[in-house]
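Asks: Below: one structure in structure tokens.
Taken together, the values in this text are just the output of simple stated rules run on the coordinates, not laboratory data. Predicted model only: the values in this text are computed from it and were never measured. Positions of Cβ are generated from backbone atoms using ideal geometry, with glycine treated the same way; all protein chains shown enter the neighbour counts.
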Amino acid sequence: MITTLGPGELFTLFFITIGPLKLIGPFVQRTHGAEDATVRQIAVRAFLLATVGIIAGGFLGATLLVNWHISIGAMIVAGGLVFLLVAMRQLLGQYEPPHVPDPNSPALPASPTAAALKLLFPIVLTPFGIAALIVLLALPSDGARLEIILAMVVLVMVLNLLTMLFARKIMVGATIVVLQILGGVLGILQAGLAVQIILRGLRELKILAS
């Protein structure tokens with residue numbers, strides 16, 4: 001059951017759903033051509049906005065979940081379906097022709113805050129990551145467990161910040177190949193995890209036997 005997830009399992013859940021591996025490539029691409037000082041400003045603002053946004057969104061979503069009478073099982077299935085679609089898109093995207101940047105595409109906004117907002121969703125914050133936090137916050141828990149959940153979210157967001165700050169140094173040479181291989185492996189695991197999440201939601205809804 002999701003209510004029995006320990007700190008390590010919570011960290012793994014958030015690392016996969018809102019962690020840095022899905023962020024590094026798009027961040028480097030979107031900030032291409034910007035000065036290092038500007039990139040640092042964008043990274044810090046994106047970190048702050050994403051951290052406040054996911055925590056506020058999690059609590060708001062948990063409240064609406066109750067007020068709209070949406071069951072935990074339905075929310076788990078919805079989050080699992082989105083997670084599965086994203087995982088399949090990542091896997092199938094490897095067979096598509098390489099993306100060629102459009103020279104006529106709009107430049108990064110001059111304001112670091114505006115640029116950070118443009119990167120926020122769904123690159124830094126993912127819908128299935130927010131769904132995971134909403135479900136966890138909607139479940140009955142004491143103050144200590146709530147602190148652990150929020151601490152794991154903040155920890156992963158700090159890793160996102162470090163990744164954005166050092167993204168240009170990471171995305172060089174053999175590291176790119178390693179990240180591509182790791183991305184393929186994690187894509188398969190994400191698809192499997194998504195199916196597992198959907199099955200868990202169906203059991204929660206009593207559609208499948210435990």
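Asks: Return a whole-number percent for the relative contact order of the chain, with Cα pairs under 8 Å and 6 or more residues apart as the contact set.
Replies: Normalised by residue count, the contact order of the chain is 47 percent.
Asks: Could I ask something else about it? Working from Cα positions, state the angle (0 to 90°, nearest 10) between the long axis of helix 143-165 and the longest principal axis of the chain.
Replies: Around 20 degrees separate the two axes.
Asks: While we're here: Work out the length of the dipole vector of the chain about its Cα centre, built from +1 on the beta-carbon of each Lys and Arg and -1 on the beta-carbon of each Asp and Glu, and round it to the nearest 20 debye.
Replies: That gives the chain a dipole magnitude of about 80 debye.
Asks: Using θ = phi - 60° and the Karplus relation 6.51 cos²θ - 1.76 cosθ + 1.60, list the HN-Hα couplings for the stretch 19-25 in order, rounded to whole Hz, with x at every Gly or Pro.
Replies: Residue by residue, the stretch 19-25 yields x, x, 5, 7, 9, 4, x Hz.
Asks: In addition: Based on the alpha-carbon set only, what is the convex hull volume of the stretch 1-58 divided per residue, in Å³?
Replies: Convex hull volume per residue, Cα atoms: 96 Å³.
Asks: Taking the Cα-to-Cβ direction at M171 and at D142 and moving 7 Å from each Cα, how far apart do the two end points lie in nm?
Replies: The two pseudo-label positions are separated by 4.5 nm.
Asks: OK, next. Please give the FRET efficiency for A110 paired with V52, using the beta carbon to beta carbon distance and R0 = 22 Å, rounded to the nearest 0.05.
Replies: 0.45
Asks: Rounded to whole Hz and in sequence order, give me ³J(HN,Hα) for the stretch 34-43 from the Karplus expression 6.51 cos²θ - 1.76 cosθ + 1.60, θ = phi - 60°, writing x for Gly and Pro.
Replies: 7, 5, 4, 5, 5, 4, 5, 5, 5, 4
Asks: Here is a follow-up. Give the angle, between 0 and 90 degrees and rounded to the nearest 10, that separates the Cα long axis of helix 127-138 from the longest principal axis of the Cα atoms of the chain.
Replies: Between helix and principal axis, roughly 40 degrees.
Asks: Which net charge results for the neighbourhood of I24, defined as the other residues with beta-carbon distances under 14 angstrom from its beta-carbon, given Lys and Arg at +1 and Asp and Glu at -1?
Replies: Residues close to I24 contribute a combined charge of +4.
Asks: Give, in nm to one decimal, the length gained when the segment between F59 and L208 is fully stretched (0.36 nm per residue of separation minus the Cα-Cα distance).
Replies: Length gained between F59 and L208: 50.7 nm.
Asks: Based on the alpha-carbon gyration tensor of the stretch 144-210, what equivalent-ellipsoid semi-axes (square roots of 5 times the eigenvalues) come out, in whole Å, largest first?
Replies: Result for the stretch 144-210: semi-axes of 32, 21, 6 Å.
Asks: If I take R0 = 22 Å and measure r between the Cβ atoms of T12 and L85 in this structure, what FRET efficiency does the formula 1/(1 + (r/R0)^6) give, to the nearest 0.05?
Replies: Calculated value: 0.60.
Asks: While we're on this one: Angle between the Cα long axis of helix 7-18 and the longest principal axis of the chain, 0 to 90 degrees, nearest 10?
Replies: Its long axis makes an angle of about 50 degrees.
Asks: Would you please put 133-139, 81-87, 61-67 in order of how densely packed they are, using the mean number of other Cβ atoms within 10 angstrom per residue and starting with the highest?
Replies: Most protected by this proxy first, the peptides run 133-139, 81-87, 61-67.
Asks: Based on the mean of other Cβ atoms within 10 Å per residue, sort peptides 49-55, 24-30, 177-183 so the most packed one is first.
Replies: Peptide ranking by packing, descending: 49-55, 24-30, 177-183.
Asks: For the chain, what is the mean residue ellipticity at 222 nm derived from helices alone (per DSSP H run of n ≥ 4: -39500 (n - 2.57); sum divided by total residues; nearest 500 deg cm²/dmol)?
Replies: Taking each H run of at least 4 residues, the total per residue is -24000 deg cm²/dmol.
Asks: Go through the stretch 196-203 residue by residue and turn each phi into a ³J(HN,Hα) via Karplus (6.51, -1.76, 1.60, θ = phi - 60°); whole Hz please, and just put x for glycine and proline.
Replies: Result, ordered by residue: 4, 5, 4, 4, 5, x, 5, 5 Hz.
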